[in-house]
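Undergrad: This is the structure I have questions about; it appears just below.
Throughout, read-outs are computed from the coordinates displayed, never taken from laboratory work. Since this is a predicted model, take the numbers as computed values, not measurements. Please note: Cβ atoms are built from the backbone with ideal geometry, for glycine as well, and neighbour counts cover all protein chains shown.
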Amino acid sequence: MNNDELVLRQQRLLARSAELRLTLTSQGQVFKTPLALVDQAQAVLQWLYRNPQWPLGALVALVVLRPRRAILWGGRLWWSWKMLRRAQKWIAAVPRQQRLR
């Protein structure tokens with residue numbers, strides 16, 4: 001290849017690279033809203049970890065004002081937690097090759 005061919009190839013590659021960057025940018029806009037929601041949820045969780053007194057206070061108020069409902073929902077949440085843990089153990093026990101098929 002002579003110098004002119006190399007310069008032309010370089011220009012084509014640079015143009016293609018710019019085109020691909022624009023395509024990636026436009027296609028990435030699809031993820032903007034879901035990722036913003038994830039960021040917001042993460043911020044809420046961080047706030048809850050820094051301020052545990054508010055959810056605990058709400059829980060205490062619920063137990064005091066509506067004990068029957070609090071016990072009912074507590075049982076449902078406990079059952080859900082146990083089922084989640086059981087599913088995680090089951091998934092971990094399945095060999096990786098079988099999960100990828």
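Undergrad: Return the Rg/Rh ratio of the range 1-99 with Cα-based radii and a Kirkwood Rh.
TA: Result for the range 1-99 is an Rg/Rh of 1.35.
Undergrad: Taking Cα atoms of the range 52-101, Rg/Rh with Kirkwood Rh, to two decimals?
TA: 1.30
Undergrad: Output needed: percent of Cα pairs per 5 Å distance bin for the range 1-51, bins running from 0 to the one holding the longest distance.
TA: With a bin width of 5 Å, the distribution comes to 4, 17, 11, 11, 10, 9, 9, 8, 7, 5, 4, 3, 2, 0.
Undergrad: Shifting gears a bit: I need the trypsin sites (Lys or Arg not before Pro) found in the range 47-92, filtered to DSSP loop residues with at most 10 other beta carbons within 10 Å of theirs. Please report the intermediate quantities before stating the final value.
TA: Numbers: sites: R50, R68, R69, R76, K82, R85, R86, K89; in loops: none.
When the trypsin sites (Lys or Arg not before Pro) of the range 47-92 are filtered for loop state and at most 10 Cβ neighbours within 10 Å, nothing remains.
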